[in-house]
Amino acid sequence: MSTTTLLYIILAVLFSLAISFFQYFFKVKKAPKHHIILFILRSLALFLLFLLFINPKVKIKKTENKKPKLAVLVDNSMSTSFFKEEKTIKNIVNTFKTSKELKEKFEVDVYSFNNTLEALDSVTFTKSKTNIAKAITGINNLYKNDLGGVVLVSDGNQTIGDDYEFIHSKKAIYPLVIGDTTVYEDLKISQLNVNKYSYLNNKFPVEVFLNYEGKKEITPTFSIYKSGKRIFTKKVSLSPTNNSAIVTTNLTSTKEGIHYYSTSIEKLEKEKNTKNNSKNFSVEVINEQTKILLLTSILHPDLGALKKAIESNKQRKVEIAQINSFKGNSKEYQLVICYQPNVYFKKFFEERTSNFLIISGVKTDWNFINSLEIGVHKSSINQSENYSANYNTNYLTYIQKDIGFNGFPPLKDKFGAVNMKGNQSLLFQKIKGITTKAPLLSTFEKGEEKYAMLLGEGIWKWRSSSYVKESSFEVFDEFINNLVQFLASNKKRKRLDVKLSNLYLANETIAISALYLDNNYKFDDRASLELILTNEETKEIKRYPFSLMNNSYQTAIEGLSSGSYSYKVKVDGQKITKYGKFKVADFQIEEQFTNANRKKMASVAKKTAGKIYYKNQEKQLINELLENKKYFTIQKSITKEENLIHWKWILFLVVALLTVEWFLRKYFGKI
């Protein structure tokens, strides 16, 4: 407590006594005895009241011991059950959880991982994907400033994500390898590359990577099948020194629609795992390619980013042209993107027959856009402003999920207020952290005409930012292609739209989303949607209700066996349905491995100053952690300033003292 506060308390005592003395004893010749009681009550009440205003504080010094953290990462994927190591892992987890010595030295946290990292509740070993790199990165971010280590309980086989062998980890990693480390003779299809789309009567390439583990020379046969009929075959030569091969071929698209294929490599005589000897793929054959013209008035990195994003869908072709030198016919294109238009775009807008997308920026002539009478007007000045994006959950024109728009870098455009009519905004403007209702990305529908406006340049930064977050351009490219698909299509808008893929892997979670609109093409959140799924081989019918999430209906299907399925989505009480088909391939990516990846796990341990262990060696690992002197408890001294009094109790005592004084004064006739 400070000297000043102590002085205030002494003054409070003196003032309380002085005021009470003045009331009950000053100029009183012979004070009755009960005045002493009243004097004490009044003095206490006044002192406590003064104490409330002073509010004295004291400094309390506490010592805190901070143990190092130990994260135990447990592989919860299907490969564990494939190696029949479920019981082993449960015993390992139980050993780490119940070790008293470990708990005395470490703060032990147990996590499970597959495609995501989460606190361990229970292990089911039913997850179809393994991302070890994501689990290691997640723990490093979570325990950024904490001293500690990581125990990685896994077979070391990863199916998705970055190669964990090259992930930088500040924490020492102690792999505990489960599964069979014996190397068996194995032949597998490690990767298959094929385009999702092809054009009628065109050839599409198929590229297959084969890998071999064995001690002798072999010449297996590789084949491609369609509808049970072999359409391609090739002999492949492999040996212990030449243990990989690439097979390429071109297949012909002869019929429009979705076509399913399977690839297979001949099995070895003593091969233990034959499930990785085959893979399936599908190709959608379309009749014509969507041609898109990107007209620009300037050179900008956005042009390349847009071209790459749109052409990630092989059914689309983008041509970039300068508006001053373009001599073609814009009527040949299904969509025209006008990048930072100026008066030179006048001819295009006068003659246009196709839908369009306008992207503005600091070089845009807004006087020209205002004169187009497309429902857009901006009162701009010759000064730029940065506009961040804010996702609109009420956007209804087509299904577009939030891909992290709020975290993207801002776009740049001329400063000014913008007004639009007849638009639906997918993104709103956020200026200096303040969200507005001004549109950033809007779509328009006027009869059969569709167009859109993006108010800002710099979308190439969005694509880069999305890659940093997702380690892939796929999410951003899908966003751009959703917009392009809406604008390039001249089909009448449907009241029911269902989104799903043509081919899934067995045991993969199948997420299906649906958008349902009322007669005025506004989202109807009162509807009841149902998915009716039919196995075309067994004729088994399953029904799945949709759940309302934001502005779409969603459902998820798990545990479907391999085979062909037809589906029907219907709206209860309405004659509106959507039909389609998809296939579930008999392929478990987690079952493609014949043994644990001891080599990679050892490499990770070495790079992070850890040490590799194997199943049944968990006690040795615990002893290593207990004896390792680089893990120690940190003692911290923390000084906290706390209130000396509890104001509620003090206030209650003041009221009580004054009340008792009042009743005594009343009793003795002083009132």
Volume per residue of the C-alpha convex hull in the chain, rounded to whole Å³: 299 Å³
The stretch 260-376 - Rg over Rh from alpha carbon coordinates, Kirkwood radius: 1.29
Antiparallel %, DSSP beta bridges [both residues in the stretch 262-324], to 5: 30 percent
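Name the shape class, rounded, prolate or oblate, that the alpha-carbon gyration tensor gives for the stretch 209-296, where a ≥ b ≥ c are the square roots of its eigenvalues, rounded holds for a/c under 1.5, and otherwise prolate holds if a/b is larger than b/c and oblate otherwise.
prolate
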Those lysines that a straight Cα-Cα span of less than 20 Å connects to LYS414, excepting residues fewer than 8 apart in one chain: LYS363, LYS378, LYS430, LYS432, LYS437, LYS461
Sparsely packed GluC sites (Glu not before Pro) within the stretch 298-388, loop by DSSP, other Cβ within 10 Å at most 14: GLU373
Paramagnetic reach from PHE22 (point 7 Å along Cα→Cβ, amide N under 15 Å) across the stretch 627-665: none
Within the stretch 338-366: backbone nitrogen closer than 12 Å to the ASN490 label point (7 Å, Cα to C-beta): 353-355
Spin-label pair TRP647/LEU299, simplified geometry with 7 Å Cα→Cβ offset, distance in nm: 6.7 nm
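Expressed in nm to one decimal, what extension gain is obtained for the pair ASP518 and TYR199 from 0.36 nm per residue of sequence separation less their Cα-Cα distance?
Extending this stretch completely gives an extra 111.3 nm.
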Nitroxide proxy distance, nm - points 7 Å out along Cα→Cβ at LYS629 and THR181: 2.9 nm
Ranked by how many other beta carbons lie within 10 Å on average, peptides 626-634, 150-158 from highest: 150-158, 626-634
Sites LYS308 and GLU256, calculated FRET efficiency, Cβ-Cβ separation with R0 35 Å, nearest 0.05: 0.80
Highest-first arrangement of 187-193, 214-220, where packing means the average Cβ count within 10 Å: 187-193, 214-220
D (Stokes-Einstein, µm²/s), Kirkwood Cα radius, the stretch 311-373, 0.890 mPa s at 25 °C: 193 µm²/s
Convex hull volume per residue for the stretch 1-145, taking Cα atoms only, in Å³: 215 Å³
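Considering only DSSP beta bridges whose two residues both sit in the stretch 29-187, what percent are antiparallel, to the nearest 5?
Values: 3 of 23 bridges.
Counting DSSP beta bridges with both partners in the stretch 29-187, the antiparallel share is about 15 percent.
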Point-to-point label distance, LYS229-SER472, nm (Cα→Cβ direction, 7 Å offset): 3.4 nm
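Since every read-out is calculated from the coordinates, none of them should be taken as a lab result. Computed from a predicted structure; not experimentally measured. With ideal geometry, Cβ positions are generated from the backbone for all residues, glycine too; neighbour counts draw on all protein chains shown.
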